[in-house]
Amino acid sequence: MAATTITVTGMTCEHCVRSVKEEVSEIPGVTSVDVDLGSGRVDIASSGPIPQERLKAAIDEAGYEITG
């Protein structure tokens, strides 16, 4: 099991949260996604490490950006 935390900017509502969860959940190996709207924190559990470029592509597809 692996855990990854990223911070996403641009989310303003529950629809944003659902979009991010949906896109990140489609990455192979992801087992759960928890999004905190207030802080932009996204906690991801997966069966193994997730390449940063896969995360970036999923967040881009949802219409947001990873900070940091």
### Task
Scan segment 25-59 residue by residue and report those that are out of contact with any Ser or Thr (no Cβ under 6 Å at 6 or more places or on another chain), within 14 Å of Glu14 (Cα to Cα) and among the small types (Gly, Ala, Ser).
Gly38, Ser39
### Query
Restricting attention to segment 38-48, and to residues there that are of a type outside the set (A, V, I, L, M) and surrounded by 11 or more Cβ atoms within 10 Å (Cβ to Cβ), which single residue is farthest from the chain's Cα centre (by Cα)?
Ser47
### Query
If you take the residues in segment 11-68 that are of a type outside the set (Asp, Glu) and in contact with an Asp or Glu (Cβ under 6 Å, 6 or more places away or on another chain), which one is nearest to Met1 (Cα to Cα)?
Ala58
#### Entry: Candidate set from segment 13-27 (those that are touching a residue at least 24 places away in the same chain (Cβ under 8 Å) and either among the polar types (S, T, N, Q) or touching a strand residue (DSSP E or B) at 6+ places or on another chain (Cβ under 6 Å) (or both)); member that is nearest to Ala58 (Cα to Cα)
Val24
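Read-outs: derived from the displayed coordinates by stated rules, not from any lab. What you see is a predicted model; the values in this text were computed from it and never measured. Because the Cβ atoms are built from the backbone with ideal geometry, glycine has one as well, and the counts that use them run over all protein chains shown.
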